[in-house]
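Below is one structure, written out as structure tokens; comments come after it.
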Amino acid sequence: MKRVIVLAVFAAALSGCASLAVRPCDTIAERDGKYVSRLFLGVLTLGISEAAIQQEQWIEAREGWRFCPPSVGWHGTPPPGAWQGPPPGAWQGPPPPGTRQGPPPPTAAVPRIPGVLVNATRWTINLYLDTDPATPDVLPFLVLRPGEGRQLSLVAGPHRIVANPIAETSGAPAPAARYERQIQIDPRDRGFRLHLSEGEFK
């Protein structure tokens, strides 16, 4: 009898794994709550639930995060002072000969590949994606603490990743090292994993 009860609880826990998948549209509170729930569920299921959740996240990323609501445009009254007619200088007569009329042709969705970035150094690092950290007002897209990993999805194609260590204490200089790597995301890949080790910082 006890074995049946344990199996029933185990099946119910795994059936709720999909709701614990972290999605781009989650708020900070929702994301933190999912991480805490996944920790306790992973202990109860000896890590099997985490594998199921990771698989669900990978499927949702490939399908364009189907549980995230689509962005909705503004449908209310235009704000005061908003221009409601054609822009100045716009063509207001019949379309020129050869102009295509009708809806634009459908475009294929760009595949996004899920992956994990892991900070395998002793430093806290700022990560920049396809940007130059030396550019004014450019902010890092991720900050990783030592040993921390973060999930993300990248569009298939080439990407440039730059990482800089930051000072651990106020007034202390940051380590004089820099990580820079060009990666190629193949649309046929199921996922990717990138470890940033201290030996790669020059």
Let me cross-check Asp189: its accessible surface, 1.4 Å probe, with only protein heavy atoms counted, in Å² to the nearest 10? 60 Å²
If each K or R counts +1 and each D or E counts -1, the residues other than Asn164 whose Cβ falls under 15 Å of its Cβ total +1
Distant-in-sequence amide H partners of Arg178 (H built 1.01 Å from N, under 5 Å): Lys202
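In a shell of Cβ-Cβ distance under 12 Å around Asn119, excluding Asn119 itself, what net charge do Lys and Arg (+1) and Asp and Glu (-1) give?
Result for the neighbourhood of Asn119: 0.
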Count the net charge of all other residues whose Cβ sits under 10 Å from the Cβ of Pro133, scoring Lys and Arg as +1 and Asp and Glu as -1. -1
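The values are calculated or read from the model by the stated rules, or taken from the named source; none is laboratory data. Note that this is a predicted model, so its numbers are computed, not measured. Glycine also receives a Cβ, built like all others from the backbone with ideal geometry; neighbour counts cover every protein chain displayed. These area figures cover heavy atoms from the full protein model, side chains too; ligands, DNA and RNA do not enter into them. Shrake-Rupley method; radii C 1.70, N 1.55, O 1.52, S 1.80 Å.
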